[in-house]
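Asks: This is the structure I want to talk about, given as structure tokens.
Derivation of every value follows stated rules applied to the coordinates shown; laboratory data play no part. Everything numeric in this text was worked out from a predicted model, so none of it was measured. Cβ atoms come from the backbone with ideal geometry, glycine included; neighbour counts cover every protein chain shown.
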Amino acid sequence: MSILHRATFTTSAARLDQLPPPTTAEVCFVGRSNSGKSSAINVLTNQRRLAFSSKTPGRTRLINMFGIPDPLDPAGHLGFLVDLPGYGYASIAREAKEEWAEVLGEYLRQRESLAGVVLLIDIRRGVTELDRRLAHWIAPSGRPVLALLTKADKLPYGQRMNAVFAVKKALAELGTLHAIPFSATHRIGLEETAQFIENWISPKVVP
């Protein structure tokens, strides 16, 4: 069993100062609203409703943390999956967008326990200007990034591979970048993605 399957909800926070102190490895999930972030978290953890998506896209503004229990320490965690607010929905007021962007940027730049970033990109849309802005925030940190090209079942194999090449080229400033075609509904790229995340959280643990 994957260690990700053990994930449980730990806490929600609207601001960074409301998060627990950084202790062990955190892997954050970030992407445009409606990029399939919640679905990806749920299928990777083998749970139907661990992560929730708002019925109104762009409304979920909380940072949600899901802890992975440490089998050797019942009170501790091997690491955390961190669901960051989706970004980029036109219906959100400009002031709220900027405040939201500030929270995202601060987490990506300052969170000491951040071990890796999972960036979700709709494979049919490709890299947007907002995705590039996010890359500018991430790049200086040197954190490794895994780009999940979601909804990959919508494209044939050859177009998926072309999309991978295009994303790598568009986000070349991210030195350590891997891109994987992914589909939560068809379980495309699931095992490869899980292995990346498990290795970021606990390289020495074999599920």
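Asks: Could you tell me what percent of the DSSP beta bridges with both partners in the chain are antiparallel, to the nearest 5?
Replies: In the chain, approximately 35 percent of DSSP beta bridges are antiparallel ones.
Asks: When N is the residue count of the chain, what does its C-alpha Rg come to as a fraction of 2.2 N^0.38 Å?
Replies: 0.96
Asks: Still on this structure: So if each residue of separation counts as 0.36 nm, and I subtract the Cα-Cα distance between residue 72 and residue 24, what length gain in nm does that give?
Replies: Full extension of this stretch gives 15.8 nm more.
Asks: Number of Lys-Lys pairs in the chain under 30 Å by Cα, sequence gap 8 or more or different chains?
Replies: So the count of such lysine pairs works out to 19.
Asks: What value, in deg cm²/dmol to 500, does the helix sum -39500 (n - 2.57) over DSSP H runs of n ≥ 4 give at 222 nm once divided by the residues of the chain?
Replies: Dividing the helical sum by the residues of the chain leaves -9000 deg cm²/dmol.
Asks: P(r) tail for segment 1-53, what percent of Cα pairs lie past 16 Å?
Replies: Percentage above 16 Å: 51.
Asks: Put a dot 7 Å past each Cα toward the Cβ at residue 187 and residue 5; how far apart are the dots in nm?
Replies: 1.1
Asks: Here's another thing I want to ask about it. Be a star and scan segment 112-138 for residues whose amide nitrogen sits under 11 Å from the point 7 Å along the Cα-to-Cβ vector of residue 169.
Replies: none
Asks: Right, something else. Evaluate Rg over Rh across segment 104-153, taking Cα atoms for both radii and Kirkwood's formula for Rh.
Replies: On the Cα set of segment 104-153, Rg over Rh gives 1.00.
Asks: Given springs between every Cα pair under 10 Å in a Gaussian network model of the chain, which of 150, 128, 45 has the largest fluctuation?
Replies: Largest GNM mean-square fluctuation: 128.
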